[in-house]
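S.K.: Shown below is the structure under consideration.
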Amino acid sequence: MTYATHDVTNQPPPPAPYDASDDTALLEGVRREGAGWAEDGLRRLGRRAGSAQAQEWGDLANRYEPVLRTHDRYGNRVDEVEYHPSWHRLMRVAVGEGLAGAPWADDRPGAHVARTAGGLVWGHTEAGHGCPTSMTYAAVPALRAQPDLAKVYEPLLTSREYEPGLRTPTDKRGLLAGMGMTEKQGGSDVRTNTTTATATAEPGLYTLRGHKWFTSAPMCDVFLVLAQAAGGLSCFLVPRVLPDGTRNTFRIQRLKDKLGNRSNASSEPEFDGTVAWLVGPEGQGVKTIIEMVNCTRLDCVMASATLMRKTLVEAGHHVRHRSAFGARLVDQPLMRNVLADLALESEAATALTLRLAGAADRAVRGDAGEAAFRRIATAVGKYWVTKRGPAFTAEALECLGGNGYVEESGMPRHYREAPLLSIWEGSGNVNALDVLRALGRSPACADALFAELALAGGADARLDAAVTRLRAGLGAASETGARRLVELMALTLQASLLVRHAPPAVADAFCASRLGGDWGHSFGTLPDTAGLGAILARALPEES
């Protein structure tokens, strides 16, 4: 018998279409955090995210990267960035589904949780377009420090209408916001910024001069920018187009050639006589913009959890359809251990993300205890979940073997994306030190954290022992040991959520491997007693 050399056997079918919301941990968390009313919409969005069409949009938006056009054919400066049509299709869905500023105009409890859950689902398409939606969401509470500006811009920032193109902001049906914080000489140390702000004769109106180093989504309509005014570092609103319809000075020097996040344009804008309005008092720029950072840090956790879930789904699909050494990969004991370990990590990240979203939702509604918990737990989650992302995506990629190393699989794109989330909004050291700062300045933060952990007290001896170690560690906290301390905080917090809300097999395996001294620190090292079948059945429902 002869065979054609190009007959294809033992290869999985295309993973799409699938339901990106078919995630038990996600749906349970949404109900638990007060957004069960959003479940039907999430299921609809999940089916759309996993459709062949939406998956293709994500691929095309990254394959055909944004292009900077500094001048028009006549030599006039235009400073515009052109995107592939797929970018705009992704953005239109994201904004229309309320993943930008919409929750700030929604009085329903759980609105911010529903938005985060939507990001966990729609993020299965691609990650880059999540940057402008995240910044738009985060800009609203910062802009409220200047009520006269918020009155004009907030209704447009909370709109569900996506209207690309540079036009007079108040003539548009919806706006997007970006931020310009860092500069080349300082990075996260924004107090070293040299961009200057000069007051004009009109109250609240300034002109800026300087060069920003990493400003994403330069085609947004408005930006929150930090600059040095007479009273110190201050926050300003910079529109791309002024109220009279003329272009503001926003000279894009170049687009960044980034490791990942290729669909999203990140730029270096130069300000020279750029018109800006003061947001909050002079000298209070960091205090004004910090609420924006709290929101975008939550979105970093969300995006990392999304990448974990997306790559777990891809790995699970592959091993169900691929055989080696006489058996399907999913039936091979060591592969099952790897997948189950990845499933634990993914569920812990999802549970923590939604708990943080619940805290944010209740904090903005006036819950002081949740505000204190959010203050410390968001920094803890930002540090740990984003740190786990690169190792997770690498292991998931390896489940596909050589197929996963090929661009066509999509896994290299996810792998390149993962490190960004531990860098954006403060690298690991910045967030670890921020946890120490919160502990030092606000004893209520530690009280809120331990109150949360106490809800699982007595349910698992390994968790109880970890909480005891954590209390002792706080008494000897130092900058040198900050990472170790924050890691323990993250693991105890994740374990407490799983002990309270996940099935026993999941909670037991997590506590045994992460807290019980039996952690190999690489994926696939769960103890022999772990209920691998139960973990996998929960994480990876049968394909239709």
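Just so you know, all these numbers are worked out from the coordinates, no wet-lab data involved. Computed from a predicted model, the values in this text were never measured in an experiment. Here Cβ is always computed from backbone atoms with ideal geometry, including for glycine, and neighbour counts include all displayed protein chains.
S.K.: Relative to the Cα centre, what is the charge dipole magnitude of region 356-421, using +1 at the beta carbon of each Lys and Arg, -1 at the beta carbon of each Asp and Glu, and rounding to the nearest 20 debye?
M.R.: I would put it at about 400 debye.
S.K.: Work through the residues other than Ala477 whose Cβ is under 15 Å from its Cβ and net out their charges, Lys, Arg +1 and Asp, Glu -1.
M.R.: Around Ala477, the charge tally is +3.
S.K.: Ranking Val121, Val67, Val364 by Cβ neighbours within 10 Å, fewest first, what do you get?
M.R.: Working: Val121 30, Val67 12, Val364 18.
Sorted ascending by nearby Cβ count, the order is Val67, Val364, Val121.
S.K.: So how compact is the chain: Cα radius of gyration and Dmax in angstrom?
M.R.: For the chain, the Cα-based Rg and Dmax read 23.6, 90 Å.
S.K.: Would you list the P(r) distribution for region 187-233, with all Cα-Cα distances sorted into 5 Å bins from 0 and each bin expressed as a whole %?
M.R.: 5, 18, 28, 23, 17, 8, 1
S.K.: Which three numbers, in whole Å and largest first, are the semi-axes of the equivalent ellipsoid of region 287-539 derived from its Cα gyration tensor as √(5λ)?
M.R.: Details: eigenvalues 201, 89, 45 Å².
Its equivalent ellipsoid spans semi-axes of 32, 21, 15 Å.
S.K.: Looking at region 143-249 from every direction and averaging, what is the projected area of its Cα convex hull in nm²? Show your work: numbers first, answer last.
M.R.: Values: hull surface 27.7 nm².
The directionally averaged projection comes out at 6.9 nm².
S.K.: Give me Glu408, Glu345, Glu370 sorted ascending by neighbouring Cβ count inside 10 Å, so fewest comes first.
M.R.: Ordered by Cβ neighbours within 10 Å, fewest first: Glu408, Glu370, Glu345.
S.K.: Another question about this same structure. Treating each Cα of region 22-122 as an identical point scatterer and ignoring solvent, apply the Debye formula and state log10 I(q)/I(0) at q = 0.15, 0.17 Å⁻¹.
M.R.: Results for region 22-122 at q = 0.15, 0.17 Å⁻¹ read -0.70, -0.81.
S.K.: How many percent of the alpha carbon pairs in region 365-494 exceed a separation of 23 Å? Before the final figure, lay out each step's value.
M.R.: Values: 3556 of 8385 pairs.
Tail of P(r) above 23 Å: 42 percent of Cα pairs.
S.K.: Which shape class, rounded, prolate or oblate, goes with region 264-402 when its Cα gyration tensor gives a ≥ b ≥ c as root eigenvalues, a/c under 1.5 marks rounded, and past that a/b bigger than b/c marks prolate?
M.R.: Oblate, because a/c is 1.5 or more while a/b does not exceed b/c.
S.K.: Which order do Trp277, Trp384 fall in if you start with the one that has the fewest other Cβ atoms within 10 Å?
M.R.: On the way: Trp277 20, Trp384 28.
So the ranking, lowest neighbour count to highest, is Trp277, Trp384.
S.K.: Any idea what Rg and Dmax come out to for region 24-283 if you just take the C-alpha atoms, in Å?
M.R.: Looking at region 24-283, its Cα Rg and Dmax stand at 18.7, 58 Å.
S.K.: Cα centroids of region 2-43 and region 237-263: how far apart, whole angstrom?
M.R.: 36
S.K.: Moving on to the next point. Scattering from the C-alpha atoms of region 375-448 alone, worked out with Debye: what is log10 I(q)/I(0) at q = 0.11, 0.15, 0.22, 0.27 1/Å?
M.R.: Results for region 375-448 at q = 0.11, 0.15, 0.22, 0.27 Å⁻¹ read -0.38, -0.58, -0.87, -1.09.
S.K.: Given the pairs Lys256/Lys387; Lys151/Lys287; Lys172/Lys256; Lys287/Lys310; Lys287/Lys382; Lys151/Lys258, which are separated by over 31 angstrom at their Cα positions?
M.R.: Check vs 31 Å cut-off fails for Lys287/Lys310; Lys151/Lys258.
S.K.: Between region 59-116 and region 448-472, how many Å separate their Cα centres?
M.R.: 42
S.K.: Can you give me the Cα centroid spacing of region 296-339 and region 131-163 in angstrom?
M.R.: 37
S.K.: Sum up the charges of everything whose Cβ sits under 12 Å from the Cβ of Val78, counting Lys and Arg as +1 and Asp and Glu as -1, but leave Val78 out.
M.R.: Summing Lys/Arg as +1 and Asp/Glu as -1 gives +2.
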